[in-house]
Every structure is written in structure tokens, then in C-alpha cells.
Amino acid sequence: MQETAIMIRQDAERPAEFVEALAKGIAILESFDASHPEMTLSEVAKRIGLSPAAARRSLLTLQALGYVNQTGKRFHLRPKVMTLGSAFYFSARIEEVLQPGLRELVEKFGDASSAGTLDGEDVIYVAHVSVQRARRAAAVMGARYPAFATSLGRVLLAGLSDEALERYLKKVRLRALTSRTITDTEALKREILVVRENGYATTVDQLDYGITALAVPIRDVQGRTIAALNTSGYTGIVTPETLVAERLPALRQAASHIAHAITRYPVLQSIIGT
């Protein structure tokens, strides 16, 4: 799976009130993932681009606050860090607004359904429902994956302006996550333009083997894409063609219902749309 360094924002992107110490602490929390469940001080420092001394101060602060613990020379997250995610879950009304639509899709078709938003070059899953038990890339809430390799991500990229899309294509580092992952920038651009024209994206084994998915945009009242919704199944059992034929109308209807529900909560629209 992908290797993503968690780097602190560059000076050109920082507002005048930017708090360096806070940024370091958050970067350290984000540096732990499935591929890096525990790390030494030097590993943490290298992963986020800090000096060992700076990383040590932040780690000890996070340890004192209960977010990080240390076993021998290795640091790991503590359960308290989950309160940060649960705060978003409840304040954004995920259970009330997003989950019901996903559950209906899974009840109707089986398999799995997810909703996500764009964050830089990645898509972040903000809701997920599944009856699948496969050993493959997990689409749990809070999971982050490269946008170019997911159906959700391609829908979100298709919703960008031409200028924003060009900036993304110039910056992104395409890498093979499977033998079928698109790694050519021009080929990816053509795919995204097709998604923009069709209003949906399909992917087969782009992020991980065994995942065939279909995604559509969730749009605000101005028609801007603020999130994406997908349905997915096992490669070999479902095909892109069957997903489009059998699930696209229901998926679009669910996205429309979610978009309508979001309009009742301006704060939620702001949270998801940023």
C-alpha cells in the first residue's frame, strides 16, 4: 500500500498566525498508520521532516496529554486519539445524514458503500458501511488513500476547476499500487475528463486487488462537488458494466438525498465541502 510522508505545511502556505508547535504535534499523530503502528523517535522525525530534538519535544507533550505512549524505544498511539475522530463524527452528524443512505445501498445490493471528501492529493473516507470480509484495503471512516486510485477520488478530481485539476496533475506522484493502477499523467487526465462528462467513475483493481467500484458526486445547491458516494464489490463477481446498469440510478438517488439533507445543516456542508 502507499507510502505517504506526513510533512508540515510549507512557509508559502502558512497564515501569519500559523502555530508551528501545533502543526508538529498534529503531523506526528498523522504519521502513525497501518504501515507505521509504532516507531522510534528517529523514525518519527524522518517521516515528518523534523529534527530528533523537535520530534522528541512533541512526542513527550503528546504522551503527557495521553495521545501517545512509549514501549521501550518505540512510540505508539493511545485510544484517546480516537476522541478526535469521534468529535468530527458527531459534530458533522455523520450518523444522521450520511450513514442511512449508505445502509440502504448495502441492504439493497450487499457489498459496501462509502462517502469521501478530497484533502490535498488524497480522498478521506468520512462514512462507510460494509458486509464484506475481504483481506484488502480498508475503507473505514478516516481512511486516507490516493485520490487518483479510487472511484471516489476520481469523481472529486473531476469536480475541480480546470485550473485546480492541472495543478493537481503537475504535483501528484503517480505510483503503482497494483499492476492495473494508472500511472501515466495523460492517461489519468483522460480518465478524469471522461468521469466529468459521464457524471460517474468506475475503477477495477486500481487501489488494491479485488475492488471494483462505482462512484458519483454529491453536489451542493450551487452544483459544486463537495463529496462523493460509491458502491463497491469484489472484482470477478461484479464488473463496472453491471454496477452502472444495476446500481447507478440508486446511487445517484442516494447522493441526491444526502445532498438535500446536507442543506439542512450549513455547518456540515462547510465541514465536508472544505
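Could you go through segment 173-181 and let me know if any residue there is assigned by TED's automatic domain parsing to the domain that holds Ser114, of a type in the set (D, E, K, R) and under 23 Å from Ala259 (Cα atoms).
To start, the set of residues in segment 173-181 that are assigned by TED's automatic domain parsing to the domain that holds Ser114 comprises 173-181.
With the extra rule that they be of a type in the set (D, E, K, R), the set shrinks to 173, 175, 180.
Next, from what is left, pick out any that are under 23 Å from Ala259 (Cα atoms): none.
There is no residue in segment 173-181 that is assigned by TED's automatic domain parsing to the domain that holds Ser114, of a type in the set (D, E, K, R) and under 23 Å from Ala259 (Cα atoms).
When Ala250 is evaluated against the numbered criteria (1) under 22 Å from the mean Cα position of the chain (by Cα); (2) more than 30 Å from Ala176 (Cβ to Cβ); (3) not acidic (Asp, Glu), which criterion, by number, is the only one it fails?
Result: Ala250 fails condition (1) only.
When the residues of segment 24-39 are narrowed to those that are among the small types (Gly, Ala, Ser) and without any contact (Cβ under 8 Å) to a residue 60 or more places away in the chain, which ends up surrounded by the most Cβ atoms within 10 Å (Cβ to Cβ)? Explain how you work it out, then say what you get.
Step one: filter segment 24-39 for residues among the small types (Gly, Ala, Ser), giving 25, 27, 31, 34-35.
Remaining after also requiring without any contact (Cβ under 8 Å) to a residue 60 or more places away in the chain: 25, 27, 31, 35.
Working: Gly25: 19, Ala27: 21, Ser31: 23, Ser35: 9.
Among residues in segment 24-39 that are among the small types (Gly, Ala, Ser) and without any contact (Cβ under 8 Å) to a residue 60 or more places away in the chain, the one surrounded by the most Cβ atoms within 10 Å (Cβ to Cβ) is Ser31.
Under 6 Å between Cβ atoms, at least 6 apart or on separate chains: pull out the pairs that start in segment 64-77 with a residue that is in contact (Cβ under 8 Å) with a residue 12 or more places away in the chain and surrounded by 14 or more Cβ atoms within 10 Å (Cβ to Cβ) and end on any residue that is among the aromatic types (Phe, Trp, Tyr) and in a strand (DSSP E or B).
Partner pairs satisfying both residue conditions: Val68/Phe75.
Please verify whether Tyr145 is of a type in the set (Phe, Trp, Tyr), outside the structural domain of Phe32 (by TED's automatic domain parsing) and not in a loop (DSSP other than H, G, I, E, B), treating the condition exactly as stated.
Working: of a type in the set (Phe, Trp, Tyr): yes; outside the structural domain of Phe32 (by TED's automatic domain parsing): yes; not in a loop (DSSP other than H, G, I, E, B): yes.
Considered against the rule, which asks whether it is of a type in the set (Phe, Trp, Tyr), outside the structural domain of Phe32 (by TED's automatic domain parsing) and not in a loop (DSSP other than H, G, I, E, B), Tyr145 comes out as yes.
The values are calculated or read from the model by the stated rules, or taken from the named source; none is laboratory data. Every value quoted in this text rests on a predicted model; they were computed, and no experiment measured them. Neighbour counts run over all protein chains shown; Cβ positions are idealised from the backbone, glycine included.
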